[in-house]
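Beneath this line is the structure, given in structure tokens, with notes to follow.
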Amino acid sequence: QVPLVESGGGLVQAEGSLRLACAASGVTFSRDLMAVAWFRQAPGKQREFVAGISVNGMLTQYADSVKGRFAISRDTSKSTVYLQMNSLKPEDTAVYYCAAGGAFTKRPLAYNYWGQGTQVTVSL
């Protein structure tokens with residue numbers, strides 16, 4: 001098992017910044033876990049892909065709505081993945097989830113491990 005723990009959520013004003021972290025508790029991200037991704041879900045809305053990173057190839061991909069504002073990266077220890085969120089908008093308000101799986105994809109079903117989520121609230 002690879003338990004994932006998110007942190008860094010909170011309340012920020014529009015145009016502010018926030019950095020989320022996804023840590024694997026007890027284990028380190030390995031080459032068998034090909035990708036780590038961030039998803040988010042706002043009340044009454046479907047869960048959507050936000051950003052993903054390939055552990056092996058260091059490739060990244062982003063949802064159009066966050067491209068240019070968010071950046072995903074990983075610690076050199078491969079134990080933590082970050083989501084740097086800049087120029088935040090009220091529309092970014094959601095619960096953000098970290099997920100890990102065996103493929104570099106936007107499909108949530110491809111991810112085997114999920115964190116509990118962390119709340120991000122952006123106010124005017």
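The values are calculated or read from the model by the stated rules, or taken from the named source; none is laboratory data. Note that this is a predicted model, so its numbers are computed, not measured. Neighbour counts are summed over all protein chains in view; Cβ atoms, including those assigned to glycine, are modelled from backbone coordinates with ideal geometry. When the accessible area is computed, the model is the full protein with side chains, heavy atoms only, and any ligands, DNA or RNA have been set aside. Shrake-Rupley method; radii C 1.70, N 1.55, O 1.52, S 1.80 Å.
What the table below lists for this structure:
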quantity	calculated
Sulfur and carbon atoms: percent of accessible area, region 1-117 [1.4 Å]	48 percent
Computed P(r) (all Cα pairs; the chain; 10 Å bins; percent)	15, 50, 30, 5, 0
Per residue value of the accessible surface for the chain (all protein chains in place, 1.4 Å probe), Å²	52 Å²
Long-range amide H partners of VAL50 with built H, under 5 Å	TRP38, PHE39, ARG40
Paramagnetic reach from ASP64 in region 90-106 [backbone N under 20 Å; point 7 Å along Cα→Cβ]	90-93, 105-106
Rounded to the nearest 20 debye, dipole of the chain from Cβ charges on Lys, Arg, Asp, Glu	180 debye
